[in-house]
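The structure under discussion appears below in the form of structure tokens.
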């Protein structure tokens with residue numbers, strides 16, 4: 001289960017109604033007992049003062065089903081929970097994200113490069129973010145995922161390349177997300193790839209200019225050859 005600080009979560013026992021069950025909730029590998037139901041002795045109790053009181057006023061035990069609710073969660077509540085129902089054990093894993101991490105999820109930054117050859121000219125796009133952790137960076141074409149990269153190290157700077165033709169009319173977007181939040185940057189090909197279009201025009205102009213020069217040189221040489229041939233005959 002994944003949540004952010006301040007949210008509440010209910011860990012379900014899987015029971016619709018307890019009978020003569022003995023239910024115990026434990027936290028993390030220390031197996032600290034945090035809640036207990038024992039109907040044979042009519043005991044329904046939460047131990048919210050354990051572990052330096054991190055659960056104080058945050059636990060609610062459903063006396064009918066045995067489910068446990070954690071209210072106003074913090075990162076201290078992340079970890080593994082276990083429920084023991086008549087010696088049958090079930091585990092839950094809880095991840096809690098800090099609010100500051102979610103609030104400062106950066107907007108992806110885009111930049112472009114031109115990749116030209118004699119037969120084709122394409123726009124190479126780079127989507128990147130800096131100083132992030134536990135996120136996934138992805139390129140989408142419409143709603144279809146094209147590529148993605150995940151990072152878990154703090155202060156990482158993931159980046160993804162995408163190659164498109166400068167006249168491409170499809171809709172592209174770059175998305176950074178974690179399990180709680182996301183930021184999206186939509187691609188405007190006409191702006192980012194404008195330089196590639198300009199390069200093509202320059203290349204075409206240059207080719208036309210070179211062809212014109214070659215034609216003129218050839219024409220001049222042909223005329224001179226004809227004149228020389230004419231002088232020889234004379």
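Data for the structure
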quantity: In region 117-142, residue modelled with the highest pLDDT [restricted to those that are under 12 Å from the mean Cα position of the chain (by Cα) and in a loop (DSSP other than H, G, I, E, B)]; calculated: 129
quantity: Positions within region 1-24 being over 29 Å from the mean Cα position of the chain (by Cα) and closer than 29 Å to residue 134 by Cα, in sequence order; calculated: 12
quantity: Among (1) farther than 30 Å from residue 134 by Cβ; (2) assigned to a loop (DSSP other than H, G, I, E, B); (3) at pLDDT below 85, the one test that residue 64 misses; calculated: (3)
quantity: Unique residue being in the same structural domain as residue 124 (by TED's automatic domain parsing) and modelled with pLDDT of 80 or more when the list is 154, 187, 192; calculated: 187
quantity: Test result for residue 145, out of contact with any helix residue (DSSP H, G or I) (no Cβ under 6 Å at 6 or more places or on another chain) and modelled with pLDDT of 75 or more; calculated: yes
quantity: Flag for residue 39 being closer than 25 Å to residue 97 by Cβ, touching a strand residue (DSSP E or B) at 6+ places or on another chain (Cβ under 9 Å) and in the same structural domain as residue 15 (by TED's automatic domain parsing); calculated: no
quantity: Test: residue in region 32-46 that is modelled with pLDDT of 90 or more and not in a strand (DSSP E or B); calculated: no
quantity: Options 70, 45; residue that is touching a residue at least 12 places away in the same chain (Cβ under 8 Å), in contact with a strand residue (DSSP E or B) (Cβ under 8 Å, 6 or more places away or on another chain) and farther than 23 Å from residue 180 by Cβ; calculated: 45
quantity: Any pair with Cβ under 9 angstrom, 6 or more apart, that starts in region 165-178 at a residue that is touching a residue at least 60 places away in the same chain (Cβ under 8 Å) and assigned by TED's automatic domain parsing to the domain that holds residue 152 and ends at one that is part of a strand (DSSP E or B) and exposed (fewer than 13 other Cβ atoms within 10 Å of the Cβ); calculated: 174/186
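The values are calculated or read from the model by the stated rules, or taken from the named source; none is laboratory data. Keep in mind the model is a prediction, meaning the values are calculated, not measured. FYI the Cβ positions are ideal-geometry reconstructions off the backbone, even for glycines, and counts take in every protein chain you see.
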